[in-house]
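Peer 1: Take a look at the following structure, please.
The values are calculated or read from the model by the stated rules, or taken from the named source; none is laboratory data. From a predicted model like this one, the values you see are computed outputs, not experimental measurements. In this analysis, Cβ positions are derived from the backbone assuming ideal geometry, glycine residues included, and neighbour counts consider all displayed protein chains. We work out accessible area using only protein heavy atoms, side chains counted, and drop any ligands, DNA or RNA first. Shrake-Rupley method; radii C 1.70, N 1.55, O 1.52, S 1.80 Å.
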Amino acid sequence: MNKKVSAAFTAAATLVVTVIGIGTAHADSKRWCSTTGANGGVTIYNWTGPTAKVVLDIGLRDSRADDHHVRIRILSEQHDGKIVHWPWRKHMGGAGTGEQWGTTASDDEGLFEMGVQVARFEGDKMLNSCTDWS
């Protein structure tokens, strides 16, 4: 293969890879954070655009023997910038344990950004938290 044909083939292959990458920019996106006593995150699958029904793999871990429970929730941003706080998921198993959930999410107002919030609680009082909007 001569150098001109090889260079043209390489350029075309690069363009195809770039176009494919743009179309799946949100696919397999991860959000994760850690705060005192808790860490967790979400992997977001099938996020092909704001109207997608995404698949969520959520994980939460209690990392401190302090008699407090841990929670995690998904956050999303709609087309107008409004932040939606999805329901908390609670783990009461104690230090060194965790839990995973699989679910889906969609929003008629769009999923323009997604994040995760992880927190440590005493009853219904939040003691500390972290958020990742990567």
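Peer 1: Looking at Gly115, Gly110, which one is part of a strand (DSSP E or B) and within 19 Å of Ser29 (Cβ to Cβ)?
Peer 2: Gly115
Peer 1: Tally the residues that are open to solvent by 50 Å² or more (accessible area, probe 1.4 Å), modelled with pLDDT of 95 or more and in a loop (DSSP other than H, G, I, E, B), restricting the search to the range 6-45.
Peer 2: Number of matching residues: 1.
Conditions (1) of a type in the set (D, E, K, R); (2) surrounded by fewer than 15 Cβ atoms within 10 Å (Cβ to Cβ); (3) on the phi > 0 side of the Ramachandran plot, marked per residue:
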{"site": "Ser76", "(1), (2), (3)": "no, no, no"}
{"site": "Pro87", "(1), (2), (3)": "no, yes, no"}
{"site": "Gln100", "(1), (2), (3)": "no, yes, no"}
{"site": "Ala105", "(1), (2), (3)": "no, no, no"}
{"site": "Asp108", "(1), (2), (3)": "yes, yes, no"}
{"site": "Glu113", "(1), (2), (3)": "yes, no, no"}
{"site": "Gln117", "(1), (2), (3)": "no, no, no"}
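Peer 1: Continuing with the same structure: Just give me the residues in the range 62-107 being of a type in the set (Asp, Glu) and under 18 Å from Arg31 (Cα atoms), in sequence order.
Peer 2: Asp62, Glu77, Glu99
Peer 1: Further question: Scanning the range 46-74 for residues that are within 19 Å of Ser34 (Cβ to Cβ) and among the small types (Gly, Ala, Ser), which turns out most open to solvent (accessible area, probe 1.4 Å)?
Peer 2: The extreme case among them is Ala65.
Peer 1: Further question: Confirm whether Trp101 is at pLDDT 95 or above, within 22 Å of Leu127 (Cα to Cα), part of a strand (DSSP E or B) and of a type in the set (A, V, I, L, M, F, W, C).
Peer 2: The answer is no for Trp101.
Peer 1: Of the numbered conditions (1) part of a loop (DSSP other than H, G, I, E, B); (2) modelled with pLDDT of 95 or more; (3) not hydroxyl-bearing (Ser, Thr, Tyr), Gly49 fails exactly one; give the number of that condition.
Peer 2: Single failed check for Gly49: (2).
So that you can scan it fast, the table gives a plain yes or no per residue for (1) small (Gly, Ala, Ser); (2) out of contact with any Pro (no Cβ under 9 Å at 6 or more places or on another chain):
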position	(1), (2)
Ile74	no, no
Gly81	yes, yes
Gly98	yes, yes
Trp101	no, yes
Asp108	no, yes
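Peer 1: While we're looking at this one, here's another question. For the range 80-91, indicate whether the set of residues that are in contact with an Asp or Glu (Cβ under 9 Å, 6 or more places away or on another chain) and not in a strand (DSSP E or B) is non-empty.
Peer 2: yes
For (1) in contact (Cβ under 8 Å) with a residue 40 or more places away in the chain; (2) within 16 Å of Trp133 (Cβ to Cβ), each residue gets a yes or a no:
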site: Trp47; (1), (2): yes, yes
site: Thr51; (1), (2): yes, no
site: Arg71; (1), (2): yes, no
site: Ile74; (1), (2): yes, yes
site: Val84; (1), (2): no, yes
site: Pro87; (1), (2): no, no
site: Lys90; (1), (2): no, no
site: Ala95; (1), (2): no, no
